[in-house]
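Let me begin by presenting the structure, written as structure tokens, before commenting on it.
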Amino acid sequence: MANIRYTRDHEYIAIDGEAGTVGITDHAQKALGDIVYVELPAVGAIVARAEQAAVVESVKAASDVFAPVSGEVIAINSALEKQPGAVNEDPLGNGWFYRLQLSNPSELEGLMDEAAYAAYLETLD
Amino acid sequence: MTEAPQTQAAPAARTALHALHISLGGKMILFAGYEMPVQFSLGVLGEHQHTRAQAGLFDVSHMGQAFLVGVNHESTARALEALCPADLLSLKPGQQRYTQLLNEDGGIFDDLMVTRSGDPGEDGVLMLVVNASRKEADFALIEATLPKDVKLLRAPHRALLALQGPMAELVLTRHCADAAALAFMTAGSMKIAGLDCQVSRSGYTGEDGFEISIRAERAERLARTLLGEPEVLPIGLGARDSLRLEAGLCLYGHDIDLTTSPVAAGLAWTIGKRRREEGGFPGAARIQAELAEGPQHRRVGLLPEGRAPARERTEIRDRDDALIGVVTSGGFGPSLNAPLAMGYVASDHAHDGAEVMLVVRGKPMPARVTPMPFIPHRYRRA
């Protein structure tokens, strides 16, 4: 089982070693509805924890997506340009946004694990 | 005894179909003071596409309905012509017209549908449908203007349903054979599944379809009857907005408001020929001048070249980076499968093919001025 951590804003990062794959959670994609456009950071961009790194747009509105931790963008999911609906269909798989080389892995301690995120979702709505 | 201070906002109003929306899984939001479904389980994209492919049922009971009643058609039509630039005098029985209430500056106070009753016993009755967010202001304005022999009767006891899409006629005629005889922008009173209704052939999607006014207590029976047909799904406000945007239709408070004239808004076609010459409506001087000389800004359609939607309030700049206008509605068109927008630009840029820049999140994105509608209308004209 991959080691996945979650933010209170419903981003996830699936960690492997010093890198991680970032996207939005199933709860987030359901709340946003049909996604029609994703604006991704450039490869090589430096992102800081809790700062805007991407934008996701549904038919109705645009929403900021924040970086769960700090690091350098080492890959982006270019397939989302043509298939933004992958975020709805498979948010933790084909709907990933970008890969990050972590600059401060200790920031992961501030994120929720699976159980904590599930409990957090229970407190919403 | 003391009155409790009224610090809380008025509770959200509900339409006669509120319980039905909940039971159908409607995701409810507050809109113009009403709890309304923004989408059902299918979602905005699916609901939009279903409406264009088959038929969708919309609850638009939040809109304001009223009857304007005078001694004869001329009396009632002239009373409303004092506020609107349309030729209402020439409306035939059962005919419907789109127009605007204007303020003294020729700005749009609201836009509305006006229908002359087709019932021979109701000469002098006009039915009005106005925007939910404007209805109290509209009705106050109309009442303040009416002569003594014309009365405004509000109809809060009536619900309004819209059945829209290429299969709307097929579905409705199963329960109401008379509906087939209606042409676009005409109306009549008829029974649907035995229920008394006022039916007009009109809508807000660009598709063929009907708007059905019915007493609120019977609205759920009507809605359940129509939803029982295999072609019909319930559609929320989200798809209502994307459908009307693709159809190039204005949304009040966004694409038109107190500052925009019907000429700048591209609605000069709704101003009657006789009215252009005679005037006699609020702001006639400005509107006649704009008709003669052209307005400073015009509402246009915009197609961004990339995939990023340009939302309301996005700046429009020319290729030399000068500010020339602003987006008033924008998003993604599910049938167009591309982003689309409408907005106002300085008139010298308001020609088809003009190249402009839309500034999205600080980045200028190329776009082109394009004719509207974005998706061709499929009205059933006479």
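Rounded to whole numbers, the Karplus 3J(HN,Hα) couplings from phi for segment B:365-377 are 10, x, 8, 10, 6, 9, x, 10, x, 6, 10, x, 5 Hz, using 6.51 cos²θ - 1.76 cosθ + 1.60 with θ = phi - 60°, and x at Gly and Pro. Take the Cα of A:Ala75, go 7 Å toward its beta carbon, and the backbone nitrogen atoms of segment A:4-36 under 11 Å from that spot belong to A:20-22. Near B:Asp110, the amide H atoms lying under 5 Å from its own belong to B:Leu101; only residues 5 or more places off or on other chains count, and H is placed 1.01 Å from N. Charged side chains reduced to their Cβ positions (Lys and Arg at +1, Asp and Glu at -1) give segment A:3-119 a dipole of some 140 debye around its Cα centre.
Taking only the alpha carbons of segment B:296-375, we obtain Rg and Dmax values of 11.0, 33 Å in that order.
In this label model, B:Arg174 and A:Ala48 are separated by 6.1 nm, measuring between points 7 Å along each Cα→Cβ vector.
In order along segment A:37-50, phi translates into HN-Hα couplings of 7, 10, 9, 9, x, 7, 4, x, 5, 9, 10, 10, 3, 6 Hz, rounded to whole numbers, per the Karplus curve 6.51 cos²θ - 1.76 cosθ + 1.60 with θ = phi - 60° and x for Gly and Pro. Distant-in-sequence amide contacts of B:His297, defined by a placed amide H-H separation under 5 Å and a gap of 5 or more residues or a different chain, comprise B:Ser347.
Checking every one of the GluC sites (Glu not before Pro) in segment B:74-106 against DSSP loop status and a limit of 13 other Cβ atoms within 10 Å picks out B:Glu104. Applying 0.36 nm per residue to the separation of B:Glu104 and B:Leu30 and subtracting their alpha-carbon distance, the gain on full extension is 23.5 nm.
A DSSP coil position with no more than 12 other Cβ atoms inside 10 Å describes the following trypsin sites (Lys or Arg not before Pro) in segment B:108-165: B:Lys148.
Compare the Cα positions of B:Pro37, B:Thr76, B:Leu233 along the charge dipole of chain B (+1 at Cβ of Lys, Arg; -1 at Cβ of Asp, Glu; about the Cα centre) and return the one farthest towards the positive end. So the residue we want is B:Leu233. Report the calculated FRET efficiency for B:Arg368 and B:Glu315 (r = Cβ-Cβ distance, R0 = 22 Å), to the nearest 0.05. According to the calculation, E is roughly 0.85. Among the GluC sites (Glu not before Pro) found in segment A:24-115, those both in a DSSP coil and sparsely packed, with 15 or fewer other Cβ atoms within 10 Å of their Cβ, are A:Glu51.
Note on chain B: Kirkwood hydrodynamic radius from all Cα pairs is 21.7 Å, rounded to one decimal. For B:Arg224 and B:Asp123, the difference between the fully extended length at 0.36 nm per residue and the C-alpha to C-alpha distance is 33.0 nm.
Across the options A:Ile13, A:Gly93, A:Pro41, the greatest Cα extent toward the positive end of the charge dipole of segment A:3-119 (unit charges at beta carbon of Lys, Arg, Asp, Glu) belongs to A:Pro41. As a proxy for reagent exposure, ranking B:Thr51, B:Thr173, B:Thr15, B:Thr76 by other Cβ atoms within 10 Å from fewest up yields B:Thr173, B:Thr15, B:Thr76, B:Thr51. What separates the Cα centres of segment B:179-226 and segment B:106-160 is a distance of 19 Å.
When B:Met36, B:Met113 are sorted by how many other C-beta atoms sit within 10 angstrom of their C-beta, beginning with the fewest, the order is B:Met113, B:Met36. Taking the number of Cβ atoms within 10 Å of each Cβ as an exposure proxy, the fewest-first ranking of B:Arg311, B:Arg298, B:Arg381, B:Arg361 is B:Arg381, B:Arg361, B:Arg311, B:Arg298. Distant-in-sequence amide contacts of B:Phe31, defined by a placed amide H-H separation under 5 Å and a gap of 5 or more residues or a different chain, comprise B:Met36.
Quick check: the distance between the Cα centres of segment A:17-58 and segment B:21-66, to the nearest angstrom? Centre-to-centre distance over Cα atoms comes out at 29 Å. Express in whole angstrom the spacing between the alpha-carbon centres of segment A:83-125 and segment B:260-306. Here the two parts' Cα centres lie 51 Å apart.
Here, each number is a calculation from the coordinates, and none is a lab measurement. What you are looking at is a predicted structure, and each value in this text was computed from that prediction instead of being measured. No Cβ is skipped: glycine too gets one built from the backbone with ideal geometry, and neighbour counts run over all protein chains shown.
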